[in-house]
1. Is the range 170-271 best put as rounded, prolate or oblate by its Cα gyration tensor, with a ≥ b ≥ c the root eigenvalues, rounded for a/c under 1.5, and otherwise prolate when a/b is larger than b/c, oblate when not?
2. Pick from S51, S73, S302: which residue has the top mean-square fluctuation in a GNM of the chain where Cα pairs under 10 Å get a spring?
3. Enumerate the aspartates and glutamates that K138 could reach by cross-link, defined here as Cα to Cα under 18 Å, with residues fewer than 8 away along the same chain left out.
4. Filter the trypsin sites (Lys or Arg not before Pro) in the range 273-308 to those in DSSP coil with at most 10 other Cβ atoms within 10 Å of their Cβ, and list the result.
5. Under a point-charge model restricted to the Cβ atoms of Lys and Arg (+1) and Asp and Glu (-1), what is the dipole moment magnitude of the chain relative to its Cα centre, in debye to the nearest 20?
6. Rounded to the nearest 500, what is the 222 nm mean residue ellipticity of the chain from helices alone, with -39500 (n - 2.57) per DSSP H run of 4+ residues and division by all residues?
7. Which ³J(HN,Hα) values in Hz, rounded to whole numbers, follow from the phi angles of the range 208-224 under the Karplus curve 6.51 cos²θ - 1.76 cosθ + 1.60, where θ = phi - 60° and Gly and Pro get x?
8. Rounded if a/c is under 1.5, else prolate if a/b is larger than b/c, else oblate: which is the range 1-128, with a ≥ b ≥ c the root eigenvalues of its Cα gyration tensor?
Amino acid sequence: MSMLERLLIVGLGSIGVRHLRVIRALVPGVQVIALRHRTDAGARHAGVDHSVTSVSEALKFSPQAAVIANPASLHLDVAAPLAHAGLHLLVEKPLSISTDGVSGLIETCRIRGLTLMTAYNLRFSPSLQRFRDLIQGKRVGSVLSVRAEVGQFLPSWRPEADYRKAVSAQASLGGGVLLELSHEIDYLRWLFGEIEWVSAIQRKQSGLEIDVEDTAHLILGFAAESGVTPVMAALNMDCIRHDTTRMCTVIGERGSLRWNAATGSVEVFDQGGTAWEILFRHEGQRDDTYVAEWRHFLSCVSDGASPVVSGQDGLSVIRVIEAARQSSKGGSVERVQAAE
């Protein structure tokens, strides 16, 4: 495909509208079809050319690709028939709410030669990319331990909307911090390799009117490299803290590295040092990672290359989440199912 001419957007909530804005800027002439439960809702967005309420209606416009941005519990209901129809797919995170049916979607896309990309846009953050380069370059020596945390008060995520009606607040739509903040699990896999086991506690700690966990604490064990002590990470996730935080600290043999997503910075505290030193800072716009994500997706569609965040990556994250849920339920250390 030399140029994307017809795109289907499934869901026009906040993330769907963001994708619409980004693709309009990148490919101004693209024809956009919106699949929603109500056509009048989709028609309100000037960037939409056609609004439909079913997959069969959408396919009449012969879209070449689709971005799946409806609630995660509905992703596979739409993605599976679209893959069978031959559409390239960019699926918002998480890929689904369970592993059921995900391998089938991956296999369909493989057989049909379709791009299937999981939309973990943090992979395209310049500061996180530099953090990874510094880790792999052993700026602080071998990694001994990792601390990662993410949190933001749920009602402040989208202040203009009632948080109780949001996807994040409802189990039936794929809410809860494990699924909604699964970026952390994805980027930790990207930084340190496959996660082999997890010990976790997930709970609803606050008085928020939600039926999902608002707090999760995970200990993650990564696959060992030959002759190297396996890395362990402590990951704290919540939607109750008022000081919005997304940070990862690597404790190494010769110091510590720290990534701060809020400031776009990477800092080092060297062995024998007295203060943190800034190594890198990128002050970009919020859409930047989505623009880079879309450029990569379009490139993969065009040249057939494998996306940096594959469907298999999305499945691996869900397997970690399922192991974490089982660990919290049984008070056990759970093995994570290995990739095929």
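Just so you know, all these numbers are worked out from the coordinates, no wet-lab data involved. Predicted, not measured: the structure shown is a model, and the values here were computed from it. We place every Cβ from the backbone using ideal geometry, glycine too, and count neighbours over all the protein chains shown.
1. In terms of gyration-tensor shape, oblate.
2. S302
3. Reachable aspartates and glutamates: E225, E253, E267, D270, E277.
4. Here the trypsin sites (Lys or Arg not before Pro) that fit, given the DSSP loop and packing criteria, are R286.
5. Charge dipole of the chain: 340 debye, to the nearest 20.
6. About -9000 deg cm²/dmol.
7. 4, 8, 9, 10, 10, 5, 9, 9, 8, 10, 10, 10, 10, x, 9, 4, 7
8. Here the range 1-128 falls in the rounded category.
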